[in-house]
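Visitor: Next up is a structure, given as structure tokens.
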Amino acid sequence: MSQLADVTPMPPRENPHSPSSSQPPPLPPEGGRSSLVLGVLIVAAILAAAIGYSVLSRMKAEASLKKTTLAEATPTFNIVHPSPVVSSGEITLPGSAQAYMDTAIYARTNGYLKSFKVDIGAHVKQGDLLAEIETPEVDQQLEQARADLKNAQANLSLAQLTDARSEDLFKKKTISPQERDQARTDLAAKRALVDSGEANVRRLEQLRAFEKVVAPFDGVVTARSTDVGALIQASSTGGAKELFHLADNHILRVYFSVPEIYASSVKHNEEVAIAFDAFPGEKFTGKLIRDSASLDPLSHTLNVEADVENPAGRLLPGGYATVHLNIPGTPGAVTIPANTLLFRSEGPRVGVIRDGHVALVPIEIGHDFGNTLEVLSGLKAEDAVVLDPPDSLTDGETARGQEAPPKTAATPAKK
């Protein structure tokens, strides 16, 4: 019994010849078949899109790589654009300030200084008394000259009487013609002695008038070189010593030298700005009055005078001045930085980038302002000029340009 219980019954085998085994499996319904086809198409579309995206990305990457490679192979230069010149700007020139009138005052007579009425820094008017001189010798000479003049005048009176008498006697034929002529000659001689005596008196009176030293014009006493009791010698004699120095400062004359290339820019009555070291940051207006009309043969400069009004006396003569001279611009000219220039055997050139290529353009240089150059011809304001070009730069080579920082761009010249 136990052995029969452990045996698992086997399933019945199908008979291949039975009617149920020969029928085909049933077909899926029509709606299920359409869904399957749609799914296959969607999968195929996704795969095609993925493949296309992959191919397109690879093409873009290759194009970008090619562009980057070409860009890296093409040199890139900083460029600037020339600045049109409305005016060439100005140049600064050193100058020296001098008083409008400046003179040393000497004595015109000999003697001793009796007193002085002014000292340095005193403002005086024309005719004001500066000093007095004692002239004892001149006084004595004047007294003697006056006495001599009186003697000559007395002799002249006697000669006039003698001449009148001789003329009457000659008419009466009492004296000879020789005696009459002698009387006339003596009269002329006595008259000449009187004239000489009068002239000598006037001379000595004038010398005594020089005892008073007066100011020749309005101004300021800038120096006093004498003192009371000092021996005074006339300026006509050797060893004369200056008594005072007088300067008229109501206008200052500023003298400066203009280089030859700018000499034509000097226009009379044109105003210029002038700075003085004593007043930093402040500019005064001067007017170009005159020039030397010739160049110095050594320095090749034109000596120019500009006058500055100084009614308050703030400006002092002898100071250092800086003159800002305006330079008119050349029509059609432009300015470029000096570090754009190329020196070639054919002449000065600049590199200009046009249509991706370098063109070495010949230029005509006008004024050299140091950091900038005035170009008279060869460039236009829209040209892209290569900044700091290498010596190996050649005409026609491929190049790219990029705008230079503002601090290196060309600006109107200011000298």
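The values are calculated or read from the model by the stated rules, or taken from the named source; none is laboratory data. Note that this is a predicted model, so its numbers are computed, not measured. Quick reminder, even Gly has a Cβ in these numbers, built from the backbone with ideal geometry, and neighbours come from all protein chains shown.
Visitor: Within the group 299, 294, 264, which residue is hydroxyl-bearing (Ser, Thr, Tyr), in contact (Cβ under 8 Å) with a residue 24 or more places away in the chain and either loosely packed, with under 12 Cβ neighbours inside 10 Å or in contact with a strand residue (DSSP E or B) (Cβ under 8 Å, 6 or more places away or on another chain) (or both)?
Guide: 299
Visitor: How many residues are more than 22 Å from residue 128 (Cα to Cα) and surrounded by 15 or more Cβ atoms within 10 Å (Cβ to Cβ) if we restrict to the range 215-242? Break it down stepwise before answering.
Guide: First, pick out the residues of the range 215-242 that are more than 22 Å from residue 128 (Cα to Cα): 231, 236-240.
This time we only want the ones that are surrounded by 15 or more Cβ atoms within 10 Å (Cβ to Cβ), so: 240.
So the count comes out to 1.
Visitor: Can I ask one more? Enumerate the pairs (first residue in the range 219-239 and assigned by TED's automatic domain parsing to the domain that holds residue 114; second residue anywhere and modelled with pLDDT under 90 and of a type in the set (Ser, Thr, Tyr)) with beta-carbon separation below 6 Å, excluding pairs fewer than 6 apart on the same chain, so at least 6 apart or on different chains.
Guide: Listed pairs, sorted by first residue: 234/109.
Here's the yes/no breakdown for (1) in a helix (DSSP H, G or I); (2) surrounded by 15 or more Cβ atoms within 10 Å (Cβ to Cβ); (3) aromatic (Phe, Trp, Tyr):
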{"position": "130", "(1), (2), (3)": "no, yes, no"}
{"position": "141", "(1), (2), (3)": "yes, yes, no"}
{"position": "156", "(1), (2), (3)": "yes, yes, no"}
{"position": "182", "(1), (2), (3)": "yes, yes, no"}
{"position": "196", "(1), (2), (3)": "yes, no, no"}
{"position": "202", "(1), (2), (3)": "yes, no, no"}
{"position": "213", "(1), (2), (3)": "no, yes, no"}
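Visitor: Does the range 90-97 contain at least one residue that is over 30 Å from residue 373 (Cα atoms), surrounded by 14 or more Cβ atoms within 10 Å (Cβ to Cβ), out of contact with any Asp or Glu (no Cβ under 7 Å at 6 or more places or on another chain) and not assigned by TED's automatic domain parsing to the domain that holds residue 314? Even if it seems obvious, please write down each step before you answer.
Guide: Step one: list which residues in the range 90-97 are over 30 Å from residue 373 (Cα atoms), which gives 97.
Narrowing further to those that are surrounded by 14 or more Cβ atoms within 10 Å (Cβ to Cβ): 97.
Applying the additional criterion that residues be out of contact with any Asp or Glu (no Cβ under 7 Å at 6 or more places or on another chain) yields 97.
In the following step, the residues that additionally are not assigned by TED's automatic domain parsing to the domain that holds residue 314 were identified as 97.
Checked against the condition, which is being over 30 Å from residue 373 (Cα atoms), surrounded by 14 or more Cβ atoms within 10 Å (Cβ to Cβ), out of contact with any Asp or Glu (no Cβ under 7 Å at 6 or more places or on another chain) and not assigned by TED's automatic domain parsing to the domain that holds residue 314, the range 90-97 yields at least one hit.
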